[in-house]
Amino acid sequence: MDIPDYDKALYYTLWGQWDDLLVLMVRTKDDMLSKRIQNFLHAYHYSLDNQKIIDSHENLLYYIDHAMKYTTPMAIMEV
């Protein structure tokens, strides 16, 4: 998993670029990130409950923040 995937996920989520977020969901090697993106996009497109959308959005952002804290600096060097 590369740090840029987390950066991209954060950027796409904050700026509402859902198409790019979907592509990232398919291409990332981080299964948890992929699942969180999937849950958010599904809630955003199909849920009528605003609280469910907000909760899935917050869960995605929380996971991105958590993953960025615990990713080793060596991952930055891998290209």
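The values are calculated or read from the model by the stated rules, or taken from the named source; none is laboratory data. These numbers were taken from a predicted model, which means no experiment stands behind them. Don't worry about glycine lacking a Cβ; one is built from the backbone with ideal geometry, like all the others, and counts go over all protein chains shown.
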For residue 46: the one exception among (1) surrounded by 11 or more Cβ atoms within 10 Å (Cβ to Cβ); (2) modelled with pLDDT of 95 or more: (1)
Any chance residue 6 is modelled with pLDDT of 95 or more, assigned to a helix (DSSP H, G or I) and of a type in the set (Ser, Thr, Tyr): no
Filter result (farther than 17 Å from residue 53 by Cα and in a loop (DSSP other than H, G, I, E, B)) within region 9-32: 28, 29, 30
Filter result for residue 63 (surrounded by 11 or more Cβ atoms within 10 Å (Cβ to Cβ) and at pLDDT 95 or above): yes
Residue list for region 26-38, restricted to those being free of Cβ contacts under 8 Å to residues at least 24 places away in the same chain, within 21 Å of residue 69 (Cβ to Cβ) and surrounded by 15 or more Cβ atoms within 10 Å (Cβ to Cβ): 34
Subset of region 30-62 [touching a helix residue (DSSP H, G or I) at 6+ places or on another chain (Cβ under 8 Å), closer than 18 Å to residue 16 by Cβ and among the hydroxyl-bearing types (Ser, Thr, Tyr)]: 44, 47, 56
